[in-house]
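Below: one structure, written as structure tokens.
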Amino acid sequence: MKNTNFKCPKCGQEFSLDELFDHNKEQFNEFINHQVQLKMADEIAKEKAIILREQDAIQTKQKADLEASFNQKQLEFAKIIEQLKNQLESIEKNKDLEKQNELIAQKMKIEELNHQEKTRLSLEASKTIEQLKNQVESIAKNLDLEKQNELIVQKMKIEELNQQEKTRLSLEMVKLQDKINQVEFQKTADIEHQVLLKEKEMQQIIEKQQNEINELNLKNSQFKIIHSKAKGENFENEVESELRKGFGYFDSIQKINDSIDGVKADFLQIVKNANNETMGKIVYEVKNAE
């Protein structure tokens, strides 16, 4: 640096660095401070770039992991939905087939019981009537008119008892049919209850999977917002570094966040001459458009 000449902004003469110190200490100090600021700004910019690259790599990996997890959840959700649909269809088919088979079996059992009961009653009644007829005929041959009258009364009683027995059997058949109907109704209610529980279980699984998908979508949206914000900050840092390199020797570069004269701004450049006098101001607004 001793062989490099520097021009004094006040008198215009050229001096070495040591001579510039003796000639104009104020200008020398400004030069040294400026060099130090440039070096610090450059080092800070490098450190920021390294940190931002590391953050970008981490965010990229997180994004890839989120997308992979999201795709995996979608595949698992689709498989579960398909399995549940198949299970529901199978349950519906089995329910209808089982119900039809039970109804057919119950009808056949009722018809068989009815037939057996009718046959038994018919045989018993026929046997009893035949026995009574034989008894009446035998008695009638040996009895007088009074006995015949008694026989007529006995016949009437027999007929009444026979009618009462038929009525009793008819009531028992009605009760039996009611019990059968109750059993069929209970079985149908149990099957419908099982199907309802299965449908509720399916609905809970679907809601759980949907909540997981919504959570992944929310995380993905938040990641995109953070990534976009970091990208904008990187671009602003690059613009600030370029402004300081190009105009930072004499001019002042300031990062601002407020509006100037009603205009939103990101950087303010105060233009100065060699005498460090303010000549004007330039306002920059950074736009990172793709």
Worksheet, complete the sentence: Per the filter on segment 34-66, residues among the hydrophobic types (A, V, I, L, M, F, W, C), more than 17 Å from Glu242 (Cβ to Cβ) and either in contact (Cβ under 8 Å) with a residue 40 or more places away in the chain or touching a Phe, Trp or Tyr at 6+ places or on another chain (Cβ under 9 Å) (or both) are Leu66
Discussion item. Pairs needed: first member in segment 188-212, touching a residue at least 40 places away in the same chain (Cβ under 8 Å); second member anywhere, loosely packed, with under 12 Cβ neighbours inside 10 Å and assigned to a helix (DSSP H, G or I); C-beta distance under 8 Å; at least 6 residues apart or different chains.
Written reply: Val195/Glu92
Discussion item. Pairs please, first residue from segment 89-103 and within 14 Å of Lys187 (Cβ to Cβ) and in contact (Cβ under 8 Å) with a residue 24 or more places away in the chain, second anywhere and among the β-branched types (Val, Ile, Thr) and surrounded by 10 or more Cβ atoms within 10 Å (Cβ to Cβ), Cβ atoms under 6 Å, 6+ apart in sequence or on different chains.
Written reply: Lys95/Ile191
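Taken together, the values in this text are just the output of simple stated rules run on the coordinates, not laboratory data. Bear in mind that the values here come from a model prediction, so they are computed numbers and not experimental data. Don't worry about glycine lacking a Cβ; one is built from the backbone with ideal geometry, like all the others, and counts go over all protein chains shown.
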